[in-house]
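For reference, the structure discussed in these notes is given below.
What follows is calculated from the coordinates using simple rules that are stated; it is not laboratory data. These numbers come from a predicted model, not from an experiment. Cβ coordinates were reconstructed from backbone atoms using ideal geometry, including for glycine residues, and neighbour counts include every protein chain displayed.
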Amino acid sequence: AAAAAPASNHKEQEVSRYVFARMLKLKARDADKVALLHDVVDGFIPFLKLKEGGRQGGGELAEGKEKRATVGWLLLQVGPLWRAALLLAAVKCSVEGRERGREGGVIPMASTIKMVESTNKPKEDEGEDKYSYREAALTFSKYIQEVGLEAVWVEAPPFNGVGLRKVLPKIPNGPPFRIVMDRQIGIWLREPEIGDDEMAMTLREAFPEFW
C-alpha cells in the first residue's frame with residue numbers, strides 16, 4: 001500500500017488511494033482505511049517475529065504495561081478490524097519467511113481465519129521446533145483478549161475533553177491539548193484500573209504549566 005502512484009498534482013500518492021479514488025471512484029476515506037490497516041499490520045509484525053535463540057515471539061518483544069500500551073494504541077487505530085490486521089500480518093510474515101528460505105510457506109486463508117478466532121491449543125504433532133506464524137498470531141490474539149484489549153476502542157479514559165479542561169483549566173487548544181490527551185490515553189492503557197483522582201494528579205504533575 002506504500003508504493004507510489006501518479007497523482008494529478010504531480011506528487012506521489014499511495015497505490016491504495018489512487019486505486020480507490022481514481023480507478024474505483026470510491027471515497028477517499030476508504031483508501032484511508034486500507035492505508036491504516038497496513039500501518040497496523042506493520043505494527044503487529046514485530047510481535048510475531050522470532051525471538052533470539054529460535055523461540056516463538058508471539059508478542060514478547062515488549063513486556064508488562066509497555067506491551068499493553070503499545071498494542072492498545074494499535075487497536076485504538078484499527079478498531080474491530082484488528083483480527084483482519086493480525087491475519088494479514090501472519091500471512092505477510094509467512095510469505096517473507098518463505099522468500100528467505102524459512103519453513104512455513106503461505107498460510108491458507110480459511111485455516112488462518114479460524115486460527116485467529118479460535119482459542120484451541122496447538123496440535124501436539126506440529127512440533128515445538130518448527131516456528132509457526134499461525135501459532136504466534138494465535139498467541140498474540142489470546143494475549144489481546146486476556147489483557148482486555150479486544151474492544152478497547154469502545155472504551156474511554158477517565159476524562160473526555162470537557163473533563164480534561166476541568167483537570168487542567170489552562171490548557172490551550174490545538175497541539176498542546178492533543179499532547180495531553182494522548183498522555184492520558186497512554187497512562188490509561190498502561191493502568192486500565194486508574195481512577196479519576198489518580199489520573200488528575202498524574203496529569204497535573206506532568207503538566208504543571210496548565211494547572
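Annotations
- Length gained on full extension, ARG178 to ASN160: 5.3 nm, using 0.36 nm per residue less the C-alpha separation.
- From phi via Karplus (6.51, -1.76, 1.60), per-residue ³J(HN,Hα) for the stretch 136-153 in Hz, x at Gly/Pro: 4, 5, 5, 4, 5, 4, 4, 4, 4, 6, 5, 9, x, 9, 5, 9, 5, 5
- Compared with the direct C-alpha span, the chain from ARG83 to ASP32 gains 16.6 nm at full extension, assuming 0.36 nm per residue.
- For GluC sites (Glu not before Pro), the sites in the stretch 162-211 that DSSP calls loop and that have at most 10 other Cβ atoms within 10 Å are GLU193.
- Cα pair distances in the stretch 140-211, grouped into 10 Å bins until the bin that holds the longest one, percent each: 18, 50, 22, 9, 0
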